[in-house]
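The values are calculated or read from the model by the stated rules, or taken from the named source; none is laboratory data. All values reported here derive from a predicted model rather than from experimental measurement. Here the Cβ is made from the backbone with ideal geometry for all residues, glycine too, and neighbour counts use every protein chain on show. Heavy atoms of the whole protein, side chains included, go into the accessibility calculation; ligands, DNA and RNA do not. Shrake-Rupley method; radii C 1.70, N 1.55, O 1.52, S 1.80 Å.
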Amino acid sequence: MADCLFCSIVAGSTPAHLVLETPEVVGFLDIRPVFKGHTLIVPREHVDTLVELPDELTVPLFGAARSVAAAVRTAYGAQGSFVAVNNVVSQSVPHLHVHVVPRTKGDGLRGFFWPRTKYADEDEAASYARQLRDALSS
């Protein structure tokens with residue numbers, strides 16, 4: 001879709017810190033992460049919400065989310081992760097995306113209150129992306 005930010009990232013015309021690319025999905029760091037390493041997994045094909053996700057993309061999308069959820073433990077020393085999908089409400093970009101947020105006991109995340117943070121600079125964001133790419137490839 002021409003005016004979709006995530007389609008633009010998938011196409012490579014909008015820069016992003018990519019951590020995962022398969023024929024069906026792309027994973028990249030959220031620019032406003034709940035915690036550093038917060039990753040979004042999107043289908044390459046434009047799909048608005050989970051309800052519209054074709055069956056043939058379900059396993060690739062959620063398989064990638066599962067892989068990233070495992071990799072954040074290795075990459076960042078996280079104890080676990082929070083994995084979520086917003087549908088319409090709180091969905092800031094109308095392109096289906098799965099959030100994978102690294103978690104550690106006592107990190108301050110309570111319920112669905114999502115405080116946001118920022119990367120210090122592009123180098124720090126690139127470092128987080130590299131760490132997760134490395135963990136995904138091992």
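Residues of the stretch 29-64 with an amide N closer than 19 Å to a point placed 7 Å from the Cα of Val88 along the Cα-to-Cβ direction: 47-54.
Rounded to the nearest 0.05, what FRET efficiency is calculated for Asp123 and Asp55 with R0 set to 41 Å and r the Cβ-Cβ distance?
Numbers: r = 41 Å, r/R0 = 0.99.
Calculated value: 0.50.
Positive contributions from Lys and Arg (+1) and negative ones from Asp and Glu (-1), summed over other residues with Cβ under 13 Å from the Cβ of Ala71, come out at +3. Taking every protein chain into account, the accessible area of the stretch 15-138 amounts to 54 square angstrom per residue (probe 1.4 Å). Compared with the direct C-alpha span, the chain from Thr14 to Arg66 gains 16.2 nm at full extension, assuming 0.36 nm per residue.
Can you give the charge dipole size of the chain about its Cα centre, rounded to the nearest 20 debye, using +1 on the beta carbon of Lys and Arg and -1 on the beta carbon of Asp and Glu?
Working: 12 positive and 15 negative charges, 145 e Å.
With Lys and Arg at +1 and Asp and Glu at -1, about 700 debye.
Could you order peptides 95-103, 27-35 by the average number of other Cβ atoms within 10 Å of their residues, highest first?
Details: 95-103: 23.7, 27-35: 20.0.
In descending order of packing, they fall as 95-103, 27-35.
Surface composition of the chain: carbon and sulfur make up 54 percent of the accessible area, probe 1.4 Å.
Annotation for the stretch 47-82 versus the stretch 5-36: alpha-carbon center distance of 13 Å.
How would you classify the chain from its alpha-carbon gyration tensor, with a ≥ b ≥ c the square roots of the eigenvalues: rounded for a/c under 1.5, else prolate if a/b is greater than b/c, otherwise oblate? Cα axes put the chain in the rounded bin.
Over all other residues within a Cβ to Cβ distance under 12 Å of Ile41, the charged ones net out to -1, with Lys and Arg as +1 and Asp and Glu as -1. Highest-first packing order for the peptide set 75-86, 36-47, 13-24 is 36-47, 75-86, 13-24, based on the mean count of other beta carbon atoms within 10 Å.
Between the Cα long axis of helix 122-137 and the first principal axis of the chain there is an angle of about 80°, rounded to the nearest 10. Relative to the longest principal axis of the Cα atoms of the chain, helix 55-76 runs at roughly 20 degrees.
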